[in-house]
Amino acid sequence: MLRQLTSYLLALGLVGIYACQPTSQKETSSPVSASALQLPQGFVAELLYAPSENEQGSWVSITTDDQGRLITSDQYGNLYRMQPPKVGSKLSRRGVEKLPVEIGHAQGLLYAFNSLYVSVNAREGIAGRKSGLYRLQDTDQDDQFDSISTLASFEGEGEHGPHAVILGPDQQSLYVIGGNHTDLPEMDTYLRPHNWEEDQLFPAMKDPRGHAANRKAPGGWVATTDENGSHWTLFSSGYRNPYDMAFNQDGELFVFDSDMEWDMGMPWYRPIRLCHAVAGSEFGWRTGSGKFKPYYEDNLPAVVNIGQGSPTGVLYGQQSHFPSHYRGGMFLFDWSFGTIYYVRLTPSGSSYKGSKEEFISGVPFPVADGVFGKDGAMYLVTGGRKGVSGLYRISYPEPSQPIIGSLIADDNARQLRAQREALSQTFLHPSKRNIPLLWDALGHPDRFIRYTAQTGLEHHPYLWWEENFQQETQPNLLIAASIALAHQEQTSAKDLAFAKLSRISFQTLSYTEKVSYLRAVELVSIRLGAPTAIQKAGFQKQLSPAFPNREETLNQELAKLLVYLETTNIQERILDLMDGEGNTQAQQVYIGESITSRSEQYGPDIENMLKNFPPTEHVSYAFYLSQIKNNWNTAQLARYFNWLFEATAKTGGMSYRGFIDKIRLSSLNGLTDEQKAELGSLAESWDTGIDLSNLPQPKGPGNDWNKQEVLSLIWDEDTETPDYEHGKEMYEAALCAACHQMNGKGGNMGPDLSQAHSRFNTWTLMDAIISPSLDVSDQYASTMLSLTNGKKLIGRLMDETADSITLNTNPYDPSIVETVALTMVQTKDKSAVSPMPPGMLNRLNEKEVINLMAYIQSGGNPEHEIYQESE
């Protein structure tokens, strides 16, 4: 009866990373058929091979060698090689060669310089070859790789570990990408000066579920090296978890960065996006609420925001034999929603603008990586997380147009790009002769040129441009130079910087200049030190009359700075704004139902949120107000806490409610006992979780359940139709509700199970429940501390500072935390043990197990078809 029962991450630490072992003829490990894919007119799709049908794992990376053969990698296994078959033919298992080389677990493959470069993402790896960049060579010319060289070792692995490696446009360099859980290795050269900090006026709120709590700038990164890995240069930084990148025919690099889906509905949420990664670029990822706004002058905006998904492969269309429309843009692979987007690029100053459209979609179609073959066809692999995997070919059989030339067709765009590239050359060769060139460009109207000039200035000692700063009177130049001065942490110039900025008339600035001015004052305060009382008064006099105004972005930045400057009664004006209508949903990018419907795992969360969207920009105001610890009156406090209470009824990402709770608790901690008493119930707990002391209990008798026994139960054709109410009781009795939400109720330390449907087979679900520590996802892994007193402490990492580490030591109660001084910590490791203990089913009898599984499969819906079965 429950033959379709599959996993949606039941185990706390198992975000779908399970063994894929078919155990019944009722299940399939076949990828979606080519005929089921949605394609543009004239294109042809072929399913060439199914690795998962042939016990060859789940492929996530692909490249071509000098003979046009495909080389692929299983995410948790070996490398494979094959010659693409003729059109209309499929590969047989005999045509797929497992390479006899002790390396695998690749999430990046590149054939260049008569070598295969392998970006390994693994804690251990095959033959102990863990995360790093490796070079494979055939030294005896027998068409087999017999030499493996380690070019670099990386600290980081898992979903946010090291990823793609690609060839640079000069055909001489390699570009390597790492996610934000991959420590940046020591570089020989830094195109982005390594003076990065968190750079937020107020301490960032870290994710309430503990994700990336200890990850700091620069986040995800792109580095470049030579064919031997002998010299490394940091090229770009500030990403969350980019998997792949590609160059266009102008030699410009584009990176596809991921979002933090738990942040949806929050003002710091950033959708998946395509970034133009110029030399020395920074894209502002920071943990929790600390992410830079795209309009901050010290980072760069996206070329195009896509929406929600899991970014994987990136391909540029020039090498394809597709129609000319598809030759001047990027193909972007989204794993979660089984979609390949095409982004057409058009020049915009020294950068580009992008317009997106759908190219291919399927259900399920977890696209992981792709490559254009010698025949001009797109070869792509689906798979990952040990799920069902396929190798496809997408071709366009009609005669194709010639490959287009440079995208930069007009002289102005070409000149602007040349100017930006000239500025970037100063990174490598600092000289006093560069200062006039850089200084003039600080006020350039082109955002990318302005940013490159500011970055170039940071490569030059302040003493070389101190006189320029002292004598400058032009507002836009002073603003940009103040940001560079702050990044260099020239504390001796703090008073000069504040004096220069305070003399600028805020009201006379353009909108862009106003936004940049506020960021400059913020950065000088953060890096060089807080302004004095007199300096604060001066900025208040400048800025207070401008707040509020009609520009929401300015209101956001003004409110933050005015709170920091301790402006009298600023909370009244902010509360008035919070009482109005919010419109940030229109400013953020969310995918529509036509796309969300492709994923039962991820789509419903987005659809439900959009029906009950939170007042996103008002959350920022609430956060700023939480920094005010005095000068509140009773009426203001009542308005503020009423707003927070009403905000809890809205729907956001998985961390939305936790962030609101953090804001509330921070505000409460600043109140007196008398103020809390006046607030009454608003100051009391708003917990809507599960009361563990009053849960239903199973009748038993229990059993030491193994996987095959449970499978036999749920596959029994004679089993009665499940009982919904009984399944709901067993869901609580088995403690599922303590850590997982179902339809808005329950704990939030594990995945939301409201849509407990699957892309995996039933065997994988049993692995997740019976043996939850087989594989533990980065998002839910515990941290193990070995202390100087000989004890060990295991729990969810909630915070890490320069002085201490805080763990949530009880997965059933996120409020139970233990903080340990860093001096007490000998070692800190990712625990291989899932927070979900094994044996969660062992108190249940046969009927109780069956009804629990049915409840999870139904998503808590009594009308689900599983309850309509007659036998």
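Quickly run through the stretch 95-111 and pick out the residues that are closer than 29 Å to VAL44 by Cα and either open to solvent by less than 30 Å² (accessible area, probe 1.4 Å) or not basic (Lys, Arg) (or both). Result: GLY95, VAL96, GLU97, ALA106, GLN107, GLY108, LEU109, LEU110, TYR111.
Using the structure shown, decide if TYR621 is open to solvent by less than 10 Å² (accessible area, probe 1.4 Å) and modelled with pLDDT of 90 or more. Here the answer is yes, as TYR621 does meet what is asked. Just to be sure before I move on: is LYS86 out of contact with any Asp or Glu (no Cβ under 9 Å at 6 or more places or on another chain) and more than 24 Å from GLY387 (Cα to Cα) in the structure I sent? When the stated conditions are applied, LYS86 passes them. Would it be correct to say that MET260 is buried (at least 23 other Cβ atoms within 10 Å of the Cβ), out of contact with any Ser or Thr (no Cβ under 7 Å at 6 or more places or on another chain) and farther than 18 Å from SER281 by Cβ? For MET260, the condition - buried (at least 23 other Cβ atoms within 10 Å of the Cβ), out of contact with any Ser or Thr (no Cβ under 7 Å at 6 or more places or on another chain) and farther than 18 Å from SER281 by Cβ - is met.
Of the strands (runs of 3 or more DSSP E) lying entirely inside the stretch 340-415, those containing at least 3 residues that are closer than 18 Å to GLN38 by Cβ and at pLDDT 90 or above span 351-361, 378-382, 390-395. Residue pairs whose Cβ atoms lie under 8 Å apart, separated by 6 or more positions or on different chains, with the first residue in the stretch 638-658 and touching a residue at least 60 places away in the same chain (Cβ under 8 Å) and open to solvent by less than 20 Å² (accessible area, probe 1.4 Å) and the second part of a helix (DSSP H, G or I) and basic (Lys, Arg), do not occur.
Has the stretch 360-379 got at least one residue that is touching a helix residue (DSSP H, G or I) at 6+ places or on another chain (Cβ under 6 Å), open to solvent by 10 Å² or more (accessible area, probe 1.4 Å) and either under 27 Å from ASP74 (Cβ atoms) or among the polar types (S, T, N, Q) (or both)? Looking through the stretch 360-379, at least one residue is touching a helix residue (DSSP H, G or I) at 6+ places or on another chain (Cβ under 6 Å), open to solvent by 10 Å² or more (accessible area, probe 1.4 Å) and either under 27 Å from ASP74 (Cβ atoms) or among the polar types (S, T, N, Q) (or both). The one condition from (1) surrounded by 18 or more Cβ atoms within 10 Å (Cβ to Cβ); (2) more than 30 Å from LYS560 (Cβ to Cβ) that SER173 does not meet is (1). Among the candidates SER92, SER58, single out the residue that is among the small types (Gly, Ala, Ser) and surrounded by fewer than 16 Cβ atoms within 10 Å (Cβ to Cβ). Testing whether each residue is among the small types (Gly, Ala, Ser) and surrounded by fewer than 16 Cβ atoms within 10 Å (Cβ to Cβ) leaves just SER92. Of all the numbered requirements in (1) open to solvent by 10 Å² or more (accessible area, probe 1.4 Å); (2) out of contact with any Asp or Glu (no Cβ under 7 Å at 6 or more places or on another chain); (3) over 30 Å from ASP661 (Cα atoms), ALA223 misses one, and that requirement is (1). Of the candidates LEU577, LEU543, LEU554, the single residue that is surrounded by 15 or more Cβ atoms within 10 Å (Cβ to Cβ) and touching a His at 6+ places or on another chain (Cβ under 9 Å) is LEU577. Strands (runs of 3 or more DSSP E) fully within the stretch 84-137 that include at least 1 residues being without any contact (Cβ under 8 Å) to a residue 40 or more places away in the chain and charged (D, E, K, R): 96-98.
Would you say PHE235 is in contact (Cβ under 8 Å) with a residue 40 or more places away in the chain and under 21 Å from GLN319 (Cβ atoms)? For PHE235, the condition - in contact (Cβ under 8 Å) with a residue 40 or more places away in the chain and under 21 Å from GLN319 (Cβ atoms) - is not met. In the stretch 181-204 there is no residue matching the filter, namely being among the hydroxyl-bearing types (Ser, Thr, Tyr), within 18 Å of the chain's Cα centre (by Cα), under 25 Å from VAL589 (Cβ atoms) and crowded, with 18+ Cβ neighbours inside 10 Å.
The values are calculated or read from the model by the stated rules, or taken from the named source; none is laboratory data. Bear in mind that the values here come from a model prediction, so they are computed numbers and not experimental data. Heads up, the Cβs are rebuilt from the backbone with ideal geometry, glycines too, and the neighbour counts pull from every protein chain shown. Each accessible area value is taken on the protein alone, full model and side chains, heavy atoms only, with ligands, DNA and RNA left out. Shrake-Rupley method; radii C 1.70, N 1.55, O 1.52, S 1.80 Å.
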